[in-house]
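S.K.: Take a look at this one; I'll ask things after.
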Amino acid sequence: MSQPVPHAPNECVPASSEEPAPRSAVAEPEYIQKGTRAFLRTILAMCSGGFATFALLYCVQPMMPMLAQQFALSAAQSSLVLSVSTITLAIGLLITGPLSDALGRKPVMVVSLLAAALFTVGSALMPTWEGVLVMRALVGLALSGLAAVAMSYLSEEIDPLHLGLAMGVYIGGNAIGGMSGRLLSGVLVDFMSWHAVLGTLGSLGLLAGALFWRLLPESRNFRARSLRPRSLLQGYTLQFRDAGLPWLFLQGFLLMGAFVTLFNYIGYRLIEAPFKLDQTSIGLLSVVYLSGIYSSAQIGALADKLGRRKVLWVVIGLMLAGLILTLFDVLPVILLGMLLFTFGFFGAHSVSSSWIGRRATQAKGQASSLYLFCYYLGSSVAGTLGGVFWQAAGWDGLGLFIGSLLLVSLAVALHLSRLQALPMTIQSRG
C-alpha cells in the first residue's frame, strides 16, 4: 500500500481517510512564505506557465471564422480546432495528475509545456484540416501536464494563508496568456498566414517553457504515491466522499463551458451587421482579459479574507450581468458586458480552484485533475454545442444557452455557501 500523504497544519482529514502518521514521524512542511525570494520566483514561473498554457490553447479562437472560410466549415465544425484540444486536455488530466503524484510536480510540468509548444509549431506545418486537428489534439494532451499539476504544486508549497493569492496570480497568468494568444493571433492573421501565426506562438511557448523551467523552485513538500491501479482508484473515489468536492467539479464544468462558449462565437456576431468588425478589431477585444488578470488575484485574496462561500456566488452573478449586456446591439454596451463577464469568470475560477486545494486532503493531484477534467470537458461540450444554438437562433439563442449554464452554476454556488466547513486545526474560512 502507498504511504499516507502528510497534511498541512491547517488541513483536516475526513473521517473516512486514514489516520495521519504520528507527528514525530512526519517532517513539518516547509511552506514558501509571502515576501520571500522563493515566493517571487514561484509567482513568476507560474505566470509564465499560465501564460503559455492559455496562449497556446486559445490562440486559434479568433481565427475560427477565417479557418471556416478557408476549409469550407460551419461555425460548429470550426470550433473543433479548440474543442479537440480541450477534450484531449481533459482526458490527459486523468493521467498526468496521478503521474505527477508518483514522479514529482516540476518534471511533469516542464516536459508538458515544452511538448505543447513543439506541437503548436507542428500544427503550423499541417496543410490539411485533419492534420491541424491531430496536432491540436496533441497540444491539448501535452498541456494537461501543466494544467493538472500547477494547482497541486501551489497547494503543497505555498503557505495556506496565502494560497488564494498565489492561485489567483497563477490564474492571472492564464488570463494574460488567453488575452495575448487571442490578441496576437487576431491581429497577426490580417498580415500573415495562419501557418505563420501558429509558428510564432509556438516559438513564444518554447521561450515561456524555458523560463518556467529556470525559475520554479523544486518541490519541498511533495510525497510520492503509488501508480498502482488500486491506489489510483482509491485516490479518485476518495474525492467523491467529500461533501463539497463533487459540487466544485460540477462548478468547473459550468463556468468554463459558459466562458468558452461566449468567446467562441462573439467573433461571428461582431463580423456581421450591424458591427462588421475586421479580424484585427476582434483580436483587440481580447483586452477585456485585463479585467480577469485583476480579478483573479484580487478576488482570490478577498476569498482568503472573507471566505470562499461568501464570494463565489457574487462573482457568478457578475457573469450573468455581463451576459445580459451582450444581448444589446450597441457595441460599447457589448464590450462592457464582455469586460464584466470576464471579470466574474476569472474571479470565480480563482475561488473554486483554490477551494479544491483546501478541501482535498489526500491525492491532491487527482483532486486537481478531476476539477480540471470537468473544467475542460465543459469547454469542449458547451463550446461545440453553443454552435448549434448560434446557427439556430443567433446571439439571443446562444445567450439563453449560456444563461442556463450560469443559473445552474449560481445554484451550485449557493449550495456550497451552506456547506458545513471542515474542522481545521487552525482558523480558516475555506
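The values are calculated or read from the model by the stated rules, or taken from the named source; none is laboratory data. Nothing here was measured: the structure is a model prediction, and the numbers come from that model. Cβ placement follows ideal geometry from the backbone for every residue including glycine, while neighbour counts extend to all protein chains displayed. Ligands, DNA and RNA are stripped out before the accessible areas are found, and what is left, the full protein with its side chains, is counted by its heavy atoms. Shrake-Rupley method; radii C 1.70, N 1.55, O 1.52, S 1.80 Å.
S.K.: In debye, nearest 20, what is the charge dipole magnitude of region 34-218 about its Cα centre with +1 on Lys and Arg Cβ and -1 on Asp and Glu Cβ, if you could check?
M.R.: On the way: 8 positive and 7 negative charges, 54 e Å.
In debye, rounded to 20, region 34-218 gives about 260.
S.K.: Report, in degrees rounded to the nearest 10, the 0 to 90 angle that the Cα long axis of helix 331-359 makes with the longest principal axis of the chain.
M.R.: It is inclined by approximately 20 degrees.
S.K.: Which one of Q33, G140, I293 has its Cα pushed farthest toward the positive end of the charge dipole of the chain, where Lys and Arg give +1 and Asp and Glu give -1 at the Cβ?
M.R.: In the chain, that residue is Q33.
S.K.: Taking all protein chains as present, what is the carbon and sulfur share of the accessible area of the chain, in % to the nearest whole number, probe 1.4 Å?
M.R.: The computed percentage sits at 69.
S.K.: Moving on. Take each of the peptides 409-415, 45-51, average the number of other beta-carbon atoms within 10 Å over its residues, and list them starting from the highest.
M.R.: My ranking of the peptides, most packed first, is 45-51, 409-415.
S.K.: Moving to a separate point now. Please compute the alpha carbon radius of gyration of the chain, then divide it by the globular-protein estimate 2.2 N^0.38 Å. Two decimals is fine.
M.R.: So the chain has a normalised radius of gyration of 0.94.
S.K.: Using +1 at the C-beta of Lys and Arg and -1 at the C-beta of Asp and Glu, which of I43, L163, L198 has the Cα lying farthest in the positive direction of the dipole of region 34-218?
M.R.: Towards the positive end, the residue furthest out is I43.
S.K.: Give the Debye-formula value of log10 I(q)/I(0) at each listed q (0.08, 0.09 Å⁻¹), with one equal scatterer per alpha carbon of region 34-218, two decimals each.
M.R.: Scattering profile of region 34-218, log10 relative to I(0): -0.25, -0.31.
S.K.: For region 192-351, list log₁₀ I(q)/I(0) at each q in 0.09, 0.15, 0.19 Å⁻¹, using the Debye formula over Cα point scatterers of equal strength and ignoring solvent, two decimals each.
M.R.: Computed log10 I(q)/I(0) values: -0.47, -1.07, -1.22.
S.K.: Just need the relative contact order of the chain here, percent rounded to a whole number, with Cα pairs under 8 Å and 6+ apart.
M.R.: Across the chain, relative contact order equals 27 percent.
S.K.: Same structure again: Could you work out [θ]222 nm for the chain from helices alone, using -39500 (n - 2.57) per DSSP H run of at least four and dividing by all its residues? Round to the nearest 500 deg cm²/dmol.
M.R.: -25500 deg cm²/dmol
S.K.: Could you tell me which of I334, V260, S152 has its Cα farthest along the dipole of the chain towards the positive end, charges placed at Cβ (Lys, Arg +1; Asp, Glu -1), taken about the Cα centre?
M.R.: Result: S152, furthest along the dipole toward the positive end.
S.K.: Over region 302-344, give the accessible area per residue in Å² for a 1.4 Å probe, as an integer.
M.R.: 44 Å²
S.K.: With axes computed from alpha carbons, what is the tilt in degrees of helix 105-124 against the longest principal axis of the chain, rounded to the nearest 10 within 0 to 90?
M.R.: 10 degrees
S.K.: Let me ask something additional. Tell me the accessible surface of E157 in square angstrom (1.4 angstrom probe, heavy atoms of protein chains only), to the nearest ten.
M.R.: The accessible area comes out at roughly 0 Å².
S.K.: Please list, ordered by chain and number, the residues whose modelled amide H lies under 5 Å from the amide H of I32; skip anything fewer than 5 residues away on the same chain.
M.R.: Under 5 Å from the amide H of I32: I158, D159.
S.K.: Quick one: what are the phi-derived ³J(HN,Hα) couplings along region 290-302, Karplus 6.51/-1.76/1.60 with θ = phi - 60°, whole Hz, x for glycine and proline?
M.R.: Residue by residue, region 290-302 yields 4, 5, x, 4, 6, 5, 4, 6, 5, 5, x, 5, 5 Hz.
S.K.: Relative to the longest principal axis of the chain, what angle (0 to 90°, nearest 10) does the C-alpha long axis of helix 194-215 take?
M.R.: That works out to roughly 20 degrees.
S.K.: Pairs on different chains or at least eight residues apart, Cα atoms closer than 25 Å: how many lysine pairs in the chain fit?
M.R.: Counting lysine pairs in the chain gives 7.
S.K.: Placing unit charges on C-beta atoms (Lys and Arg positive, Asp and Glu negative, everything else neutral), compute the dipole magnitude of the chain about its Cα centre in debye, rounded to 20.
M.R.: Charge dipole of the chain: 820 debye, to the nearest 20.
S.K.: Just by accessible area at a 1.4 angstrom probe, what is the order of T88, T237, T326 from largest to smallest?
M.R.: On the way: T88 30, T237 60, T326 0 Å².
Result of the area sort, largest leading: T237, T88, T326.
S.K.: With only Lys, Arg, Asp and Glu charged, each at its Cβ (+1 for the first two, -1 for the last two), find how big the charge dipole of region 235-420 is about the Cα centre; round to the nearest 20 debye.
M.R.: Working: 11 positive and 6 negative charges, 165 e Å.
Around 800 debye, computed over region 235-420.
S.K.: Let me ask something additional. Given a 1.4 angstrom probe, what's the average accessible area per residue across region 34-218, in square angstrom?
M.R.: So region 34-218 comes to 32 Å² accessible per residue, rounded to a whole number.
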